[in-house]
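The values are calculated or read from the model by the stated rules, or taken from the named source; none is laboratory data. As the structure is a prediction and not an experimental result, all values here were calculated from the model. We place every Cβ from the backbone using ideal geometry, glycine too, and count neighbours over all the protein chains shown.
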């Protein structure tokens, strides 16, 4: 379904994105079922190992994760590993009247955070806000050039654009998904932000961005 926030002004592009979104969500759901659900420990641990082997993280770095919804690949085993290495883990929260996400510290990944906007779990409003060095990004699909297809709200695109334009450090965006969510090419608009990496249970791939 195309949501109002997903309209690009190009009806054909919107239709193509909506059609691919439906197909890739079905593919993701099938992958989750084949692996005893998206929260299955084996596949989640394997994806975490792929990340740790490819992407260096230093103590004190701020990493944004996400709380898995429906059949998204579960990032919590990875986030817990990063915490043990000294990284500060934050989770995104939707702000009223804004497409820019706020990132709040999450010390305990074993406890379900309260439901925020749209029912998405997020740390409480009084949790410490931090600017991430790296965003672990959920997605519906991604392609060989690093373009990502999300749910259509545009929150991650708007947030990445804002961070990359203002923050005086390189902000990395890492797609986290099942390998079957990769396609050769995705339709994209000018405002669609590219990933720097994609990590699946099969490995990690780095994308060269020419816009930086």
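For the stretch 141-190, a tally of residues being more than 15 Å from the chain's Cα centre (by Cα) and either touching a residue at least 40 places away in the same chain (Cβ under 8 Å) or under 21 Å from residue 47 (Cβ atoms) (or both) returns 13. Checking each residue in the stretch 95-120 for being modelled with pLDDT under 95 and not in a loop (DSSP other than H, G, I, E, B) picks out 115, 117, 118, 119. Might you let me know whether the stretch 48-66 holds any residue that is farther than 21 Å from residue 170 by Cβ, at pLDDT below 95 and under 17 Å from the mean Cα position of the chain (by Cα)? Taking every residue of the stretch 48-66 in turn, none turns out to be farther than 21 Å from residue 170 by Cβ, at pLDDT below 95 and under 17 Å from the mean Cα position of the chain (by Cα).
Each row is one residue, and each column tells you yes or no for (1) surrounded by fewer than 18 Cβ atoms within 10 Å (Cβ to Cβ); (2) farther than 28 Å from residue 20 by Cα.
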{"residue": "118", "(1), (2)": "yes, no"}
{"residue": "124", "(1), (2)": "yes, yes"}
{"residue": "134", "(1), (2)": "no, no"}
{"residue": "139", "(1), (2)": "no, no"}
{"residue": "142", "(1), (2)": "no, no"}
{"residue": "147", "(1), (2)": "no, no"}
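Looking across the stretch 1-26, just one residue is modelled with pLDDT under 50, in a helix (DSSP H, G or I) and surrounded by fewer than 12 Cβ atoms within 10 Å (Cβ to Cβ), and that is 4.
Of all residues in the stretch 96-126, none satisfies the criterion of being in contact with a strand residue (DSSP E or B) (Cβ under 7 Å, 6 or more places away or on another chain), without any contact (Cβ under 8 Å) to a residue 12 or more places away in the chain and closer than 17 Å to residue 78 by Cβ. For residue 198, work out the one condition from (1) over 17 Å from residue 101 (Cβ atoms); (2) in a helix (DSSP H, G or I) it doesn't fulfil. Every condition holds for residue 198 apart from (2).
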